[in-house]
Amino acid sequence: MRTLLTLFMILLIQLNAVSQPVPIVRGLQFTEGPAIDKQGNLYFSDVKAQQIYVYTRNKGHHLFLDNTGGANGLYFDKQGNLIACAGKARKLVLITPSREIKTLVDSYGGKKLNSPNDLWIDPKGGIYFTDPRYGNANDLEQDGMHVYFFIPRDSNLIRVTKDLVRPNGIVGSPDGKLLYVVDQGAQKTYRYQILPDRSLTGKVLFANVGTDGMTIDSKGNIYITHQKTVQCFAPDQKLLNTITFDAMTTNVVFYKKQLFVTTQAGEVFQINLN
């Protein structure tokens, strides 16, 4: 009886570990790629409008950059530059604080990339990114949809996966030892070990869900967007919580016990974690 009561209390705590999602942005087209700068400001893409916005608690959201080349996933490097997957332009770009756009890479093996979608920067500054394609695929030049690793200092691009259907969301552990990849084409999320040369090994199925983006918290819990939910998994793959929305969720970022979630309905939600 005591064991059952204990389990019930643990479940109750888990179910109440998050507040209800609160909309902080509405009225856009298709929000994606949330990223937090050093000051705690939230940047995110409106993919269809080819715009990037910044949200601050005092001023709400306002336009940061127009004509982004279809920017999707965003991530800040240590120098404060915003690295973006410009899917429509088929390239990975660097956006300076003064809004200057520089192309980092746009091809592999002499052929154009598909449509870079999401990225993660490892502790040494290397960039892992996914390269799927949605919609018209008549102009594809690559032999499939893969994950790549880019080294900015020497502009070296390495293909690190060859066996995924349509990789989308991506995130790594803070120590740089593990990489998680959503395979949207298979509706699954996989975990890899990162080797010293930044290649991947030890692929295992992490979760039987995976539609779009994901993030990781300081405890190593993984938050995965899946259809109209965000699902939280412990490092041992146990499902801890499911947060439900009215629209398809696209991506999520964690910051100081808060989750920020973007959706296909052009919204951004804030969720407080207890």
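If only residues of region 193-208 that are farther than 30 Å from Ala247 by Cβ and not aliphatic (A, V, I, L, M) are counted, the one that is surrounded by the fewest Cβ atoms within 10 Å (Cβ to Cβ) is Pro196. If only residues of region 82-92 that are assigned to a strand (DSSP E or B) and of a type outside the set (D, E, K, R) are counted, the one that is farthest from Lys111 (Cα to Cα) is Leu82.
Restricting attention to region 157-174, does a residue exist that is modelled with pLDDT under 95, out of contact with any helix residue (DSSP H, G or I) (no Cβ under 7 Å at 6 or more places or on another chain), in a loop (DSSP other than H, G, I, E, B) and within 24 Å of Tyr223 (Cβ to Cβ)? Checked against the condition, which is being modelled with pLDDT under 95, out of contact with any helix residue (DSSP H, G or I) (no Cβ under 7 Å at 6 or more places or on another chain), in a loop (DSSP other than H, G, I, E, B) and within 24 Å of Tyr223 (Cβ to Cβ), region 157-174 yields at least one hit. Restricting region 106-129 to residues that are farther than 25 Å from Val252 by Cα and in contact with a strand residue (DSSP E or B) (Cβ under 6 Å, 6 or more places away or on another chain), the residue that is surrounded by the fewest Cβ atoms within 10 Å (Cβ to Cβ) is Asp106.
Checking the stated criteria, Ile271 turns out to be surrounded by fewer than 21 Cβ atoms within 10 Å (Cβ to Cβ), in contact (Cβ under 8 Å) with a residue 12 or more places away in the chain and within 18 Å of Pro23 (Cα to Cα). Going residue by residue through region 93-113, is there one that turns out to be in a loop (DSSP other than H, G, I, E, B), among the basic types (Lys, Arg) and out of contact with any Asp or Glu (no Cβ under 8 Å at 6 or more places or on another chain)? There is at least one residue in region 93-113 that is in a loop (DSSP other than H, G, I, E, B), among the basic types (Lys, Arg) and out of contact with any Asp or Glu (no Cβ under 8 Å at 6 or more places or on another chain).
All conditions in (1) more than 27 Å from Lys162 (Cβ to Cβ); (2) in contact (Cβ under 8 Å) with a residue 24 or more places away in the chain hold for Gln237, with the sole exception of (1). Taken over region 175-185, the criterion of being within 15 Å of Val204 (Cβ to Cβ) and either in a strand (DSSP E or B) or within 17 Å of the chain's Cα centre (by Cα) (or both) is satisfied by Leu178, Leu179, Tyr180, Val181, Val182, Asp183.
Within region 41-81, the set of residues being within 17 Å of the chain's Cα centre (by Cα), outside any strand (DSSP E or B) and of a type in the set (Gly, Ala, Ser) comprises Gly70 only.
Residues that are among the aliphatic types (A, V, I, L, M) and part of a strand (DSSP E or B) within region 186-205 comprise Ile194, Leu200, Val204, Leu205, listed in sequence order. So which residues in region 130-186 are polar (S, T, N, Q) and either free of Cβ contacts under 8 Å to residues at least 40 places away in the same chain or surrounded by 20 or more Cβ atoms within 10 Å (Cβ to Cβ) (or both), if there are any at all? Residues satisfying the conditions are Thr130, Asn136, Asn138, Gln142, Asn156, Thr161, Asn168, Gln184. Only one entry of Thr211, Thr250, Thr225, Thr215 meets the criterion of being crowded, with 18+ Cβ neighbours inside 10 Å, β-branched (Val, Ile, Thr) and assigned to a loop (DSSP other than H, G, I, E, B), and that entry is Thr211.
Among the conditions (1) surrounded by fewer than 20 Cβ atoms within 10 Å (Cβ to Cβ); (2) modelled with pLDDT of 95 or more, the only one that Gly73 does not satisfy is (1).
The values are calculated or read from the model by the stated rules, or taken from the named source; none is laboratory data. Values in this document were obtained by computation on a predicted structure and should not be read as measured data. All Cβ positions, glycine included, derive from the backbone under ideal geometry; neighbour counts span all protein chains shown.
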